[in-house]
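The values are calculated or read from the model by the stated rules, or taken from the named source; none is laboratory data. Just so you know, these numbers come straight off a predicted model, no measurement behind them. Glycine gets a Cβ as well: all are built from the backbone with ideal geometry, and neighbour counts include every protein chain shown.
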Amino acid sequence: MQIVVGPPQSDLPPSVLALGNFDGVHRGHLEVLNTALAKARDDGCVPAVAVFDPHPRRFFQPDSAPFRLMDDIQQTDALRDLGFERLHVLPFNTAMSSMMPREFADTVLCGWANARHIVVGADFEFGKGRSGDVTILTGIGWQAGFGVTGVALKADAGEKISSSQIRKYLESGDVGAAADLLGRPWAVRGVVEQGDQRGRTIGFRTANISFGEYCRPRYGVYAVRIHVAGQWHLGVANAGLRPTVDGTTERLEVHIFDFAQDIYGELAIVEFAAFLRPEQKFNGLEALKAQIAEDAKAARIALSGPA
C-alpha cells in the first residue's frame with residue numbers, strides 16, 4: 001500500500017476516498033470502508049483512505065488522557081488487509097484545522113488525494129469549527145466535480161458501534177464486548193522493556209510493555225494471548241500500577257506460560273481475552289506469588305475455550 005504523508009510529490013491516479021479517523025477500524029467503520037472499496041471497483045479508481053495525524057482530539061486537547069484503540073502500524077495493516085491501495089496521512093496542524101470546508105475540499109480532497117468520490121460516516125464533520133458536514137460536502141462536490149456518500153455507522157442491537165463505546169467497554173474491563181464491536185480482540189502493541197526483574201525472584205517472569213497512547217483498560221488481571229519471538233503464546237497479564245510492589249508506575253506485565261526466552265527489545269502484540277479480577281494490593285510478595293499462581297490457573301481455563 002502506498003503511504004502519502006501530506007501533499008504528494010507528483011500527481012496521483014484518481015481515487016475513491018474513505019475519509020475519517022478510523023481509530024480501531026471497527027465494525028462500524030467497515031460500513032464506510034467497504035462502501036468505498038466497492039465504489040472504487042465500480043468506478044475503476046484507486047481505493048484510498050485518509051486519516052488525520054495527530055488525531056484531532058489530541059491536537060485540540062493535548063493534555064487529555066491517552067485514548068487510542070490502535071497504533072499507526074496496526075491501523076495501516078488493518079486498512080491494507082481490507083484492500084486499500086493508498087493511505088493519505090493528513091497532518092492535522094494549525095493550518096489544516098483553520099481551513100474552511102471549501103478550502104479543505106479543494107486543497108486536500110481534490111488536490112492531494114485526487115478524489116473523484118468521497119465516502120464518510122453520516123455524522124462526519126470537517127473544516128474550521130466543524131463548520132462542514134455531509135450536506136455541505138455534497139454541495140461542494142457538485143461544484144468541484146466529486147461525488148459524496150454518507151454512510152450510517154452500523155448499529156448492534158440498537159447500539160451505535162463507535163470508538164467511544166469500545167473505550168467505555170475497555171474501561172469497565174469488558175474486553176469481550178469490546179472485541180464484539182471491534183470484530184477482533186483488542187490488542188496492545190509495544191516493545192518489551194526491562195523492568196525491575198522482581199518477577200524472577202517469585203517464579204513468574206514477566207514481559208513489560210508500556211501502554212503509550214493506548215486507552216487504558218480497567219486496571220486488573222487478564223487472560224491474554226501474546227505474539228512475540230515469531231509465535232503466539234498464552235499468558236496472564238496485570239494492567240495497572242502494581243500496588244503491592246510499586247503503586248506508581250503504570251505498566252502492562254505479561255507472564256507467558258511455559259516460556260523462558262530473553263525477549264528484551266522484542267516487539268510484542270498482546271490480545272486481551274478475558275478480565276479475571278481487579279487489581280489489588282497484597283500483604284507481601286508471598287501472598288502476591290500465591291495469587292499469581294491462582295490467576296494463571298484461571299487464565300488457562302479462560303483461554304482453553306468451551307469444554
Flagged in segment 275-286 as surrounded by 12 or more Cβ atoms within 10 Å (Cβ to Cβ) and outside any loop (DSSP other than H, G, I, E, B), in numbering order, are 275, 276, 277, 285
Scanning segment 143-167 residue by residue, the ones that are surrounded by 15 or more Cβ atoms within 10 Å (Cβ to Cβ) and either outside the structural domain of residue 45 (by TED's automatic domain parsing) or of a type outside the set (Phe, Trp, Tyr) (or both) total 13
Looking across segment 203-225 at residues that are part of a strand (DSSP E or B) and hydroxyl-bearing (Ser, Thr, Tyr), the single one that is farthest from residue 172 (Cα to Cα) is 214
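Residues are listed down the side, and each one gets a yes or a no for (1) in contact (Cβ under 8 Å) with a residue 60 or more places away in the chain; (2) under 29 Å from residue 43 (Cβ atoms):
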site: 150; (1), (2): no, yes
site: 154; (1), (2): yes, yes
site: 161; (1), (2): yes, yes
site: 165; (1), (2): no, no
site: 168; (1), (2): no, no
site: 172; (1), (2): no, no
site: 177; (1), (2): no, no
site: 183; (1), (2): yes, yes
site: 188; (1), (2): yes, no
Here the residues within segment 109-125 that are free of Cβ contacts under 8 Å to residues at least 40 places away in the same chain and touching a strand residue (DSSP E or B) at 6+ places or on another chain (Cβ under 8 Å) are 122, 125
Selection from segment 65-96 of residues surrounded by fewer than 18 Cβ atoms within 10 Å (Cβ to Cβ), over 30 Å from residue 170 (Cα atoms) and in contact (Cβ under 8 Å) with a residue 40 or more places away in the chain yields 85
In the set 60, 22, 52, the lone residue that is over 14 Å from the mean Cα position of the chain (by Cα), of a type in the set (Phe, Trp, Tyr) and in the same structural domain as residue 80 (by TED's automatic domain parsing) is 60
Flagged in segment 31-56 as out of contact with any Lys or Arg (no Cβ under 7 Å at 6 or more places or on another chain), at pLDDT 95 or above and more than 19 Å from residue 73 (Cβ to Cβ), in numbering order, are 32, 34, 35, 36, 37, 38, 39, 40, 41, 42, 44, 47
Flag if residue 15 is crowded, with 17+ Cβ neighbours inside 10 Å and among the polar types (S, T, N, Q) = yes
